[in-house]
Amino acid sequence: MKVRNMESKSRRGKAVNQFEIELDNGDRVFQSYETTIARIDKAGQVTLDRAKWDYSKTTGLYRNRFLGEDKATTESKIKSGVYKLADLNA
């Protein structure tokens with residue numbers, strides 16, 4: 001497993017408490033503080049935490065960077081079933 005802080009554009013350096021994790025099986029995870037927000041499996045399937053995917057403005061900023069899209073696109077993909085919702089913090 002590899003863990004790295006995401007980059008902060010406003011602070012010119014590492015973002016505190018915003019992590020991208022690469023698991024040994026090839027999955028990638030976005031974690032904000034101690035909460036898993038999103039997971040992309042090695043096949044490219046995105047799963048978002050049902051309760052926390054849109055928790056705060058800061059979480060949303062880094063979620064958008066992790067997914068490479070804006071919130072409206074994420075919402076559209078959830079609605080159409082492209083993205084799954086699940087409890088990633090059980």
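What follows is calculated from the coordinates using simple rules that are stated; it is not laboratory data. Note that this is a predicted model, so its numbers are computed, not measured. All Cβ positions, even for glycine, are placed from backbone atoms using ideal geometry, and neighbour counts span all protein chains on display.
Across the range 78-90, the number of residues qualifying as of a type outside the set (A, V, I, L, M) and under 14 Å from the mean Cα position of the chain (by Cα) comes to 4. When the test is whether a residue is assigned to a strand (DSSP E or B), small (Gly, Ala, Ser) and closer than 19 Å to SER76 by Cβ, ALA38 passes it.
Among residues of the range 51-69 being within 12 Å of the chain's Cα centre (by Cα) and part of a loop (DSSP other than H, G, I, E, B), the one that is nearest to ARG4 (Cα to Cα) is GLY68. Taking the range 20-35 as the range and being closer than 19 Å to THR74 by Cβ and part of a strand (DSSP E or B) as the test, the residues that pass are GLU20, ARG28, VAL29, PHE30, GLN31, SER32, THR35. Candidates are the residues of the range 14-26 that are surrounded by fewer than 16 Cβ atoms within 10 Å (Cβ to Cβ) and touching a residue at least 12 places away in the same chain (Cβ under 8 Å); the one that is nearest to ASP54 (Cα to Cα) is ASN17.
For the range 70-90: of the residues being of a type in the set (A, V, I, L, M, F, W, C) and outside any strand (DSSP E or B), which is surrounded by the most Cβ atoms within 10 Å (Cβ to Cβ)? In this case the residue turns out to be LEU88.
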